[in-house]
């Protein structure tokens with residue numbers, strides 16, 4: 001068992017997490033998956049998953065069970081990759097992809113959900129004033145303040161090199177790994193991956209020179225100091 | 001001669017746009033400049049009242065745009081300053097009677113003979129506002145030291161930036177020194193912290209403004225009053241002079257006064 005859990009390979013892709021499963025008895029592999037997810041539940045939560053089972057033949061009930069299992073960890077099973085024609089047929093019958101979506105094809109571009117660790121971001125170098133709304137799939141970096149009455153919406157993370165006084169939505173597509181960073185946060189409303197928190201008093205890093213990072217921890221938005 | 005078109009706007013109503021426009025015009029007029037004021041508030045005109053010219057209106061801006069009279073016929077000369085004119089708004093029409101293109105054409109015509117055109121924008125962000133900023137070379141945003149006015153000013157500044165009209169300048173109107181010193185009013189720094197644009201005028205609250213408005217004699221004629229002096233300073237800054245912002249008296253205790261006396 002100990003060995004089996006270490007044989008599960010997890011990779012991040014543009015489309016979500018890729019989980020490559022080892023050979024062996026399905027029941028044992030299944031419990032190894034549960035163990036693996038439980039060991040890092042915050043990481044897996046909310047993720048889109050593609051499962052690669054190589055040449056394993058999976059019955060329709062097993063595929064459905066796997067999908068429900070991932071669902072119980074608040075993950076979405078998007079695809080099942082396999083060489084086995086039986087597995088492919090059963091996956092398609094359940095509406096799962098049997099190959100990874102085209103990489104950054106023009107048509108697909110709007111659907112790409114970026115994780116906060118990716119390096120593509122939209123840069124704005126001015127104060128965002130009341131009444132201005134900026135909505136992007138990618139992460140947003142603002143050099144300036146976000147004033148009251150302004151709205152920033154991103155599928156990824158939002159970083160404000162200034163003060164947040166307006167409304168920020170990060171991880172707008174449900175990405176709970178998104179973060180919000182700022183030099184200070186005043187009266188504002190911030191949501192990450194669908195979880196919202198209202199800030200009514202000014203907060204900033206206890207070390208004045210470093211930014212403040214907001215992230216989701218145990219279903220709530222928490223502030224974290226960065227030491228510089 | 002190519003004059004400069006300056007639009008005065010605010011977003012929120014009642015912050016003193018018209019008062020500022022009229023007094024800036026008088027301030028510039030007192031400096032010997034040829035100035036035309038255009039009342040952009042079609043349907044709710046009142047610049048003529050503040051200038052004391054209401055009974056002289058024969059033609060208005062809509063008459064000019066619709067070709068019922070020549071521009072010169074609609075321009076009313078001020079009683080006191082020979083080079084100050086008003087193009088009044090129509091009271092019986094609405095903002096949609098004029099388009100931004102009309103305003104640009106009108107200002108281009110006036111610019112050839114005058115130093116400054118001051119356009120008084122109506123409150124709001126609709127057609128009247130769009131008409132008023134279309135011909136502007138410079139935009140001045142008027143606000144009061146209170147949160148709702150500052151919020152609206154921020155919105156307006158965002159719209160001006162979106163129109164690529166260059167950086168707007170700011171006038172804070174109705175500053176009450178006593179309240180600022182007590183800590184009961186937003187300070188110049190508080191306003192600047194949010195809006196972050198260049199300050200060009202700081203007008204203290206002054207009862208004399210109401211008196212002068214009702215009399216139809218703009219306060220800028222009375223340089224001895226607090227507000228009158230502030231408006232004259234504003235005119236000087238619009239002309240490019242570096243005048244220090246000393247309109248608001250700072251709180252000084254006895255020791256400070258003694259220190260100041262001895263430099």
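The values are calculated or read from the model by the stated rules, or taken from the named source; none is laboratory data. In this text the structure is predicted, and so the values were computed from the model without any measurement. So basically every Cβ, Gly included, is an ideal-geometry build from the backbone, and we count neighbours across all protein chains shown.
Taking residue B:67 as meeting all but one of (1) without any contact (Cβ under 8 Å) to a residue 12 or more places away in the chain; (2) under 19 Å from residue B:49 (Cα atoms), write down the number of the exception.
(2)
Looking only at region B:211-226, which residues are touching a residue at least 40 places away in the same chain (Cβ under 8 Å) and crowded, with 22+ Cβ neighbours inside 10 Å?
B:218, B:219, B:220
In region A:166-196, how many are surrounded by fewer than 24 Cβ atoms within 10 Å (Cβ to Cβ) and not in a strand (DSSP E or B)?
So the answer is 10.
If we scan region A:31-49, do we find a residue that is free of Cβ contacts under 8 Å to residues at least 60 places away in the same chain, farther than 21 Å from residue A:89 by Cβ, part of a loop (DSSP other than H, G, I, E, B) and more than 20 Å from the chain's Cα centre (by Cα)?
Scanning region A:31-49 turns up no residue that is free of Cβ contacts under 8 Å to residues at least 60 places away in the same chain, farther than 21 Å from residue A:89 by Cβ, part of a loop (DSSP other than H, G, I, E, B) and more than 20 Å from the chain's Cα centre (by Cα).
To keep it simple, each residue is scored yes or no on (1) free of Cβ contacts under 8 Å to residues at least 12 places away in the same chain; (2) surrounded by fewer than 16 Cβ atoms within 10 Å (Cβ to Cβ); (3) in a helix (DSSP H, G or I); (4) in contact with a strand residue (DSSP E or B) (Cβ under 8 Å, 6 or more places away or on another chain).
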position: B:62; (1), (2), (3), (4): no, no, yes, no
position: B:73; (1), (2), (3), (4): no, yes, yes, no
position: B:79; (1), (2), (3), (4): no, yes, no, no
position: B:85; (1), (2), (3), (4): no, no, no, yes
position: B:90; (1), (2), (3), (4): no, no, no, no
position: B:103; (1), (2), (3), (4): no, no, yes, yes
position: B:106; (1), (2), (3), (4): no, no, yes, yes
position: B:109; (1), (2), (3), (4): no, yes, yes, no
position: B:128; (1), (2), (3), (4): no, no, yes, no
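Table: residues versus (1) over 21 Å from residue B:191 (Cα atoms); (2) in contact with a strand residue (DSSP E or B) (Cβ under 6 Å, 6 or more places away or on another chain).
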{"position": "A:144", "(1), (2)": "no, yes"}
{"position": "A:169", "(1), (2)": "yes, yes"}
{"position": "A:184", "(1), (2)": "no, yes"}
{"position": "A:194", "(1), (2)": "yes, no"}
{"position": "A:219", "(1), (2)": "yes, no"}
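For region B:158-165, state whether one or more residues are touching a strand residue (DSSP E or B) at 6+ places or on another chain (Cβ under 9 Å), more than 12 Å from chain A (Cβ to nearest Cβ) and more than 18 Å from residue A:127 (Cβ to Cβ).
The answer is no, given that none of the residues of region B:158-165 is touching a strand residue (DSSP E or B) at 6+ places or on another chain (Cβ under 9 Å), more than 12 Å from chain A (Cβ to nearest Cβ) and more than 18 Å from residue A:127 (Cβ to Cβ).
Within region B:11-45, can you find the residues that are within 10 Å of residue B:120 (Cα to Cα), touching a helix residue (DSSP H, G or I) at 6+ places or on another chain (Cβ under 6 Å) and in a loop (DSSP other than H, G, I, E, B)?
B:40
Quick one: residue A:22 ticks every box in (1) in contact (Cβ under 8 Å) with a residue 24 or more places away in the chain; (2) in contact with a helix residue (DSSP H, G or I) (Cβ under 9 Å, 6 or more places away or on another chain); (3) not in a helix (DSSP H, G or I) bar one, so which box is it?
With (1) in contact (Cβ under 8 Å) with a residue 24 or more places away in the chain; (2) in contact with a helix residue (DSSP H, G or I) (Cβ under 9 Å, 6 or more places away or on another chain); (3) not in a helix (DSSP H, G or I) applied to residue A:22, the lone miss is (1).
Do the conditions hold for residue A:62, that is, is it outside any loop (DSSP other than H, G, I, E, B), surrounded by 13 or more Cβ atoms within 10 Å (Cβ to Cβ), modelled with pLDDT of 85 or more and outside the structural domain of residue A:173 (by TED's automatic domain parsing)?
Yes.
In region B:180-198, what residues are assigned to a loop (DSSP other than H, G, I, E, B) and within 12 Å of another protein chain (Cβ to nearest Cβ)?
B:196, B:197
Restricting to region A:122-160, count the residues that are assigned to a strand (DSSP E or B), within 14 Å of chain B (Cβ to nearest Cβ) and surrounded by fewer than 20 Cβ atoms within 10 Å (Cβ to Cβ).
Matching residues across region A:122-160 total 4.
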